[in-house]
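Following: one structure in structure tokens, then a few remarks.
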Amino acid sequence: MDRHGRIRLGACLAVVLLGWLAMAGPAFAEEEFWPQEMLFPGLKGICKTVIEGEAIEELDVEVVAVLPNQGPAGDLVLVRLGGPLVDKMGGVGAGMSGSPIFFQGKLAGAIGYGFDYTDHRLALMTPIQDMLPLLDYLPRPMEKPLEQEIPYAPYKTPLLVSGFSSRAQGNLQSILARKGFDMLSLPAGGPVSSQAGSLEPGSAFAVQLMRGDLNMSALGTITYVKDGQFLALGHPFLNKGDVNLLLSGARIHRSVPSLSLPFKLGSPTMPLGTVYQDRSAGLAGRIGTLPPMIELEVETKDKDRGLSRVTRAEIVGDSGLSLSLIGTGLLSALDKGIDRIGPGTAWVEMRLEAEGIPAPLVRKNMFYSSTDISAQALMEAVEAAYLVQDNIFEPVTMKGIYLKASIQQSRETAQVIKAIPAKEKIHPGESTEVEIVLRPFRQPPKSIRVELEVPADAQPGMLPVTVRGGGSYYYYYLEDPFHDLEPIDSVVPSDGEWSPPTNLESFEKLLHDFTDRETNNELIVEYLPFYETYGEMEAFEAPESSLHSLTGGSEGGSKSSRRKGTGEEKDESLQEDREPVRIREATDYVVEGSQTFELLVELPEEEADLPRIQPREEFRQVK
């Protein structure tokens, strides 16, 4: 083809191309988003974000390069921001995550990543095409990020905190770090009023994990809003997938330049909606629907100073976060209530309310710690929250947890130093008085008398009796009757796995066992009487295999144990329902230590020659 032919062909192609663009132009102009394939170096646009207050500002943006498959959700786009406002801010920084970028009025993506200790005018944009699928609320599996060749990272989300004690805040940072949240902890963050009417692309927002006297909010920028749905951040927050987090508006007090990374200082405003998705490309949720929150109220009385303090807050009810936040909130409230960290005694009343439990969990107890009374005093409240939320029986929605604590620095403990029965020999059905001597800390001894009764059907022999403080471990001469912690051949399942047996029969029993268990200020007197005879099994006139079949054992595979000091064997099934006789006596002290004595149970003389074997009904039926 000659030179004139090439020119004519080029002219024809140009006419055709221009005609195609003329036809395609109006349809393309109607679209809301900038096509990802039309991003190229030198393309210029604007970025919307809040620099100060709630007003949205526009910043100049230019595409530097497109980085294929460099982000956890797909491509990333390297952009450069400029203009007087960027110079004033010191560049792109923490809090700008989610700031939308537009080309010719069409949304292209959101700022999501940047670089420490470099040119802060450079940032990485997450394309909007990777963020839009979040609106479908599909539980997509997380993809393993590709290995990166450039040292970028998600902008640290500013976590604004207020009302926390210093160590509670440090504890919170450790908890969130273990969950993969790289936060920039900043002061301020208390709720303020709002003058903004609604959220729009470029608006500042806050994800509020706690609000009230204790506030914990993560700042970011809204990317996209339509029909009550929104996209934000441009990178994951906690990367938890399905979530239930509180979305609030935010006011920016100042954008602060920094050599490491510029950042925004701000405060949350009013609650606006719920974050439902937290994935690689960002956050997604709805405006107008608020998530469930857990009320937290702590009333602390410092008995040494005569001061009282009430702390109230709401905690996000998201599974996996709320339990850690409850512990942190309780610790901060108690720390600030007594304004110290150290030893002391606490009288604590706890109440937990939830949908799905028959009645509120109420528990009163007394605690002492030689090092950290605040941490010790909250333990049962945290345990109750775990017990309810992580129970294996029924779904439960926690509504509130309330704590009253009176704390003083002095040590209110008492040691059990003596336990003396009025008589050493006793008949079944009789009772005897036991004198228990306590030694309060650096005070004269005090004596408590408890009436101890032996069941009428108790067998003769030595009866060990333990006197101890409530909440301590059981102490028996015999083996622990409740938990056999050694694997038993006859109960090991076919797959070879074994775990200790449990007596948790129902949710109601689980809750009852928690509320009704011993308290630390109780004095416990307990013993395990012999209800069964360890005599010769020939008295039942049945072969061993028959007895095993009646009691659920297998021939040759049952477990037997020996009574200490004898050579006689007892069938384990005879001891399955053994329960200790326990007397509980409240005191004014946290009771420590234990003492043990023995009673000799003897039959009355007129019954001494009578047979005492009383087999169970199933044994009587053996012929």
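General observations
- For LEU387, the solvent-accessible surface with a 1.4 Å probe is about 40 Å², rounded to the nearest 10.
- Accessible surface comparison of ARG439, ARG211, ARG517, ARG312, probe 1.4 Å, protein chains only, largest first: the order is ARG312, ARG439, ARG517, ARG211.
- Between GLU349 and GLU605, the C-beta separation translates, for a Förster distance of 51 Å, into a calculated FRET efficiency of about 0.45.
- Stretching the chain fully between ASP457 and THR371 yields a gain of 26.2 nm (0.36 nm per residue, less the alpha carbon separation).
- With 20 Å as the limit, the listed pairs LYS106/LYS240; LYS336/LYS404; LYS418/LYS446; LYS364/LYS418; LYS44/LYS226 have LYS106/LYS240; LYS364/LYS418; LYS44/LYS226 beyond it between alpha carbons.
- A 1.4 Å probe, protein heavy atoms only, puts the accessible area of HIS512 near 100 Å².
- Accessible-area ranking of SER410, SER97, largest first, probe 1.4 Å: SER410, SER97
- ARG167 sits among other residues whose Cβ lies under 10 Å from its own Cβ, and their net charge, with Lys and Arg +1 and Asp and Glu -1, is -2.
- Using the Cβ-Cβ distance between GLU505 and LEU307 with R0 set to 41 Å, the FRET efficiency from 1/(1 + (r/R0)^6) comes to roughly 0.35.
- Taking amide H as placed 1.01 Å from N in the peptide plane, LEU272 has its amide H under 5 Å from the amide H of LEU247, SER248, GLY249, each at least 5 places away in sequence or on another chain.
- Computed about its Cα centre, the charge dipole of the range 370-477 is approximately 580 debye, with only Lys, Arg, Asp and Glu carrying charge at their Cβ.
The values are calculated or read from the model by the stated rules, or taken from the named source; none is laboratory data. Because the structure is a prediction, the values reported are computed rather than measured. As a convention, Cβ positions derive from the backbone with ideal geometry for all residues, glycine included, and neighbour counts pool all protein chains shown. Note: accessible area is taken over every heavy atom of the protein model, side chains too, but ligands, DNA and RNA are not part of it. Shrake-Rupley method; radii C 1.70, N 1.55, O 1.52, S 1.80 Å.
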